[in-house]
Amino acid sequence: MDGRELSMRLAEGYVRQYRTLCLHTRSTWDDVTQREINLFAGAGEALGFHARVEVRRMDLSWHEPETGKIVLHLERETDRARVLPEALRKVLDSDESRDADHLVGILGWSLKQTCRPSEPELSSP
């Protein structure tokens, strides 16, 4: 499996399994973050990697069991003010990310004022 196929399967699995996180309107951002990280940790362990949480400033990482090489580095951020200065920098430009084969950033917030429609609104005839 090449990197592109792994990335596509991770994204598809994330979307398909999201409902299993059992989130609801009273869930906090901490609940969402913890459950999403656990989802990816479980996926990595099922693939035979060692999943480690909050090590070397990484929210989650998968490591080769034999060599300890970082296979995946995941960052999760819910504070949109910190996305550009912190989360993306950690994923794209850090010593930890340079060592990883795959980088994943989950940037989660869905407030009405921050969402833009992906397609123009249809007008009534």
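For this structure, a couple of remarks:
- Summed side-chain charge close to R9 - residues other than R9 whose Cβ falls under 12 Å, Lys, Arg +1, Asp, Glu -1: -1
- Rounded to whole numbers, the Karplus 3J(HN,Hα) couplings from phi for the range 45-58 are 5, 5, 8, x, 8, 8, 9, 10, 10, 6, 10, 6, 6, 9 Hz, using 6.51 cos²θ - 1.76 cosθ + 1.60 with θ = phi - 60°, and x at Gly and Pro.
- Amide H contacts under 5 Å for K69: E64, restricted to partners 5 or more places along the chain or on a different chain, H placed in the peptide plane at 1.01 Å from N.
- Rounded to whole Hz, the Karplus (6.51, -1.76, 1.60) HN-Hα couplings of the range 13-30, x for glycine and proline: x, 4, 5, 5, 8, 4, 5, 6, 6, 6, 7, 8, 5, 9, 5, 8, 4, 5
- Rg and Dmax of the range 1-59, based on Cα coordinates, read 12.7, 39 Å.
Since every read-out is calculated from the coordinates, none of them should be taken as a lab result. Values in this document were obtained by computation on a predicted structure and should not be read as measured data. In this analysis, Cβ positions are derived from the backbone assuming ideal geometry, glycine residues included, and neighbour counts consider all displayed protein chains.
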